[in-house]
Amino acid sequence: MPLYEYYCPDCKSKFELLVNHKHADDIVCMKCHSEKVRRLLSVFAAPRGNSEDYSFDDSSDGGCGCGGGSCGCH
Ligand SMILES: [Zn+2]
């Protein structure tokens, strides 16, 4: 089964789950049980060029996670 990463906008938490494809869009938040969780890109084997729903807000770690400046995106 693929490992999916989910983001819950209600409690602003991320979590990962191993889920069957059939249930990949039928997930509730592990913390607050919200049904608004969004599936992020698969952690493993993310298909190239597939930008589906790549607009999640990941500002908690400064955006790119490089720690500040080393990647040149700031
Ligand atoms: Zn939640």
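The values are calculated or read from the model by the stated rules, or taken from the named source; none is laboratory data. Quick caveat, the model's predicted, so the values are computed rather than measured. With ideal geometry, Cβ positions are generated from the backbone for all residues, glycine too; neighbour counts draw on all protein chains shown.
Within the stretch 1-25, which residues are aliphatic (A, V, I, L, M) and farther than 14 Å from residue 36 by Cα?
Step one: filter the stretch 1-25 for residues aliphatic (A, V, I, L, M), giving 1, 3, 17-19, 24.
Result: 1, 3, 17, 18, 19.
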* Structure fact -> Within the stretch 1-53, the residues that are in a loop (DSSP other than H, G, I, E, B), small (Gly, Ala, Ser) and modelled with pLDDT of 90 or more are 34
* To do: Identify the single condition in (1) at pLDDT below 85; (2) exposed (fewer than 10 other Cβ atoms within 10 Å of the Cβ); (3) in contact with a strand residue (DSSP E or B) (Cβ under 6 Å, 6 or more places away or on another chain) that residue 56 does not satisfy, given that it satisfies every other one.
  => (2)
* Search the stretch 9-28 for residues being in contact with a strand residue (DSSP E or B) (Cβ under 7 Å, 6 or more places away or on another chain) and of a type in the set (Asp, Glu), and hand back the single one that is nearest to residue 41 (Cα to Cα). => 16
